[in-house]
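Note sheet for the following structure.
Since every read-out is calculated from the coordinates, none of them should be taken as a lab result. Keep in mind that this is a model prediction, so the values were computed, not measured. So basically every Cβ, Gly included, is an ideal-geometry build from the backbone, and we count neighbours across all protein chains shown.
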Amino acid sequence: MTDTLNEHADPTLHKGEPLIQMTDVGKAYGAIRALSGINLSVGAGEVTCVLGDNGAGKSTLIKIMSGLHGHTEGTVKVDGQEVHFGSPREALDHGIATVYQDLAVVGLMEVWRNFFLGSEMAGGYPFAPMKVGHMREIADTELKKMGITVKDINQPIGTLSGGQRQCVAIARAVYFGARVLILDEPTAALGVKQSGVVLKYTAAARDAGLGVVFITHNPHHAYLVGNHFIILKLGKRVLDKKRSEVTLEELTAEMAGGRELAELSHELGQTVR
Ligand SMILES: Nc1ncnc2c1ncn2[C@@H]1O[C@H](COP(=O)(O)OP(=O)(O)OP(=O)(O)O)[C@@H](O)[C@H]1O
Ligand SMILES: [Mg+2]
């Protein structure tokens with residue numbers, strides 16, 4: 001599986017090399033400060049996990065990386081050059097691809113068409129049909145190589161499982177030469193087995209040299225694939241540790257919010273009889 005992804009890997013990527021660097025990044029939506037003082041680096045061949053509760057600022061952070069929203073404070077550098085993306089297209093041109101939980105695919109479209117969505121091969125100019133046969137073949141081969149068995153490449157992608165859909169989206173990003181892969185809560189809606197498949201492909205993308213940003217609520221999933229962990233709380237970074245500096249227990253305790261849980265347990269203890 002890893003070999004499959006390696007085939008398309010950018011040979012210029014070196015493990016640990018910083019692809020994205022954020023310094024003191026902040027974002028205000030009018031009067032609301034969604035994010036402030038964020039320092040973070042996304043390294044090639046590494047998974048950077050961003051954890052946090054609802055409203056912590058995770059989506060805001062990846063929206064800045066993926067060009068959907070501009071930052072209002074601090075600097076963002078890609079390959080050492082300062083950037084201020086005006087659109088997702090600009091981020092994509094820098095090799096930054098984002099797989100959204102729900103927006104990754106168009107449910108009623110065929111699997112192969114989703115694979116090429118936005119990157120269709122033109123058959124020539126003018127009015128020549130797209131190279132449909134060729135695209136079907138590539139999508140079919142790529143998915144088979146990844147061990148994703150689709151009965152028919154022409155079936156609507158909505159008929160695949162959530163995990164398979166995530167994998168199609170990851171395969172697509174890697175095939176089209178992404179260097180940074182942002183996964184927004186890829187396992188949030190999945191069962192144990194499907195989460196396992198997505199985590200495997202996340203690790204494969206990492207091993208192919210991509211810089212992966214893995215957003216999740218789940219410290220167990222993060223710890224299975226992560227090299228680096230960042231926890232956000234109310235728009236601020238409350239933990240920033242390399243794998244060697246933190247245990248799963250510490251991560252879980254920090255995510256659960258030890259003190260808040262104790263208070264909650266006290267409150268609940270008074271109501272359950
Ligand atoms: N477009 C927006 N306009 C105004 N406020 C926003 C906007 N987007 C996010 N916010 C605010 O910014 C804060 C962080 O939101 P964000 O969506 O980044 O959190 P999150 O960590 O992704 O949460 P979740 O786990 O629920 O997805 C929240 O207080 C939210 O209300
Ligand atoms: Mg979010």
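Listed here are the strands (runs of 3 or more DSSP E) enclosed by the range 13-91 that have at least 3 residues being free of Cβ contacts under 8 Å to residues at least 40 places away in the same chain: 81-83. Total residues in the range 143-167 satisfying the condition of being charged (D, E, K, R) and surrounded by 21 or more Cβ atoms within 10 Å (Cβ to Cβ): the figure is 1.
The condition (being more than 16 Å from ligand 2 (Cβ to nearest atom) and more than 28 Å from His14 (Cβ to Cβ)) is satisfied by just one residue among Val168, Val174, Val180, Val198: Val168. All conditions in (1) buried (at least 22 other Cβ atoms within 10 Å of the Cβ); (2) not in a helix (DSSP H, G or I) hold for Gly177, with the sole exception of (1).
Considering only residues in the range 185-217 that are assigned to a loop (DSSP other than H, G, I, E, B) and crowded, with 18+ Cβ neighbours inside 10 Å, the one that is nearest to ligand 1 (Cβ to nearest atom) turns out to be Glu185. If you filter the range 49-104 down to residues that are loosely packed, with under 15 Cβ neighbours inside 10 Å and within 15 Å of Asp24 (Cα to Cα), you find that the one that is nearest to ligand 2 (Cβ to nearest atom) is Gly70.
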